[in-house]
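J.: Below you'll find the structure I mean.
The values are calculated or read from the model by the stated rules, or taken from the named source; none is laboratory data. Keep in mind the model is a prediction, meaning the values are calculated, not measured. Cβ atoms come from the backbone with ideal geometry, glycine included; neighbour counts cover every protein chain shown. To get the accessible areas, we keep the full protein, side chains included, count just its heavy atoms, and leave off ligands, DNA and RNA. Shrake-Rupley method; radii C 1.70, N 1.55, O 1.52, S 1.80 Å.
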Amino acid sequence: QVQLVESGGGLVQPGGSLRLSCAVSGSIFSIYTLGWYRQALGKERELVADIATGGSTKYADSVKGRFTISRDNAKNTVYLQMNSLKPEDTAVYYCKYDRYGVYYWGQGTQVTVSS
């Protein structure tokens, strides 16, 4: 089993920043992908960004240039730095561990962008 615990969500004004963290524990292996997904009310869950063990990254077009994903392999933690936040970024953000198609989700953290 793998456990993921997200933190760092909250309420922020448009144009503001937040940093999400996700700590991974349990029966993890040395090679796995960590990702951030989000689900807005009434919409499907979508990929925001992910990062492989070696550091290669992938971003949704809607967040390119504003969000940065990073990971600390020694701490088994992944981060999502979110800058220039927009109201449309409002969603529950989930962390995902994926090892060759075997995946686990965190419980999610709410991000609300509003004035």
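J.: Which translational diffusion coefficient, to the nearest whole µm²/s, is obtained for the stretch 54-115 from the Stokes-Einstein equation, given a Kirkwood hydrodynamic radius over C-alpha pairs, 4 °C and 1.567 mPa s? Please list the in-between numbers first.
T.: On the way: Rh = 13.3 Å.
Reported coefficient: 97 µm²/s.
J.: Sequence-distant or interchain residues sharing an amide H contact under 5 Å with LEU85, placed H: which?
T.: Placed amide hydrogens put GLY15, GLY16 under 5 Å from LEU85.
J.: Calculate, for SER7 and SER30, the FRET efficiency according to 1/(1 + (r/R0)^6) with r their C-beta to C-beta distance and R0 25 Å; round to the nearest 0.05. Can you show the working numbers first?
T.: Values: r = 24 Å, r/R0 = 0.96.
With a Förster radius of 25 Å, E is 0.55.
J.: Explain nothing, just compute: Karplus ³J(HN,Hα) = 6.51 cos²θ - 1.76 cosθ + 1.60, θ = phi - 60°, for every residue of the stretch 6-16 in order, whole Hz, x for Gly and Pro.
T.: Values per residue, Gly and Pro as x: 8, 7, x, x, x, 9, 9, 7, x, x, x Hz.
J.: Let me ask you something else. Identify the trypsin sites (Lys or Arg not before Pro) of the stretch 1-92 meeting these criteria: DSSP loop state and at most 16 other C-beta atoms within 10 Å of the C-beta.
T.: LYS43, ARG45, LYS64, ARG66, LYS75
J.: Which value in nm describes the separation of the simple spin-label points at SER114 and LYS64, placed 7 Å from the Cα toward the beta carbon?
T.: The modelled label-to-label distance comes out at 3.1 nm.
J.: Moving on to the next point. With charges only on Cβ, +1 for K and R and -1 for D and E, what is the dipole size of the stretch 1-109 about its Cα centre, in debye, rounded to 20? Walk me through the numbers on the way to the answer.
T.: Working: 12 positive and 9 negative charges, 24 e Å.
Around 120 debye, computed over the stretch 1-109.
J.: Relative to the compact globular guide of 2.2 N^0.38 Å, what is the alpha carbon radius of gyration of the chain, as a ratio?
T.: On the way: Rg = 13.4 Å, N = 115, 2.2 N^0.38 = 13.4 Å.
So the chain has a normalised radius of gyration of 1.00.
J.: Have a look at ASP89, ASP72, ASP61 and tell me which one the Gaussian network model of the chain (Cα, springs below 10 Å) gives the largest fluctuation.
T.: Sorting by GNM fluctuation, first place goes to ASP61.
J.: Cα-based Rg of the stretch 9-70 per 2.2 N^0.38 Å, rounded to two decimals?
T.: On the way: Rg = 13.3 Å, N = 62, 2.2 N^0.38 = 10.6 Å.
Expressed relative to 2.2 N^0.38 Å, the Cα Rg reads 1.26.
J.: Moving to a separate point now. Lys/Arg Cβ at +1, Asp/Glu Cβ at -1, dipole of the chain taken about the Cα centre: which of LEU11, THR109, SER70 is farthest positive-ward?
T.: Positive-most Cα among the choices belongs to SER70.
J.: Would you mind working out the accessible area per residue for the chain, using a 1.4 Å probe, and quoting it in Å²?
T.: On the way: 6110 Å² over 115 residues.
Result: 53 Å² of accessible area for each residue.
J.: Could you work out what % of the accessible surface of the chain is carbon and sulfur, using a 1.4 angstrom probe and leaving DNA, RNA and ligands out of the count?
T.: Values: 3010 of 6110 Å².
The value for the chain is 49 percent carbon and sulfur by accessible area.
J.: Right, here's the next one. Please list, in order along the stretch 69-85, the HN-Hα scalar couplings obtained from phi with the Karplus expression 6.51 cos²θ - 1.76 cosθ + 1.60 (θ = phi - 60°), rounded to whole Hz, x for Gly and Pro.
T.: Working through the residues one at a time gives 9, 8, 9, 10, 5, 5, 9, 6, 10, 10, 10, 9, 8, 10, 10, 6, 5 Hz.
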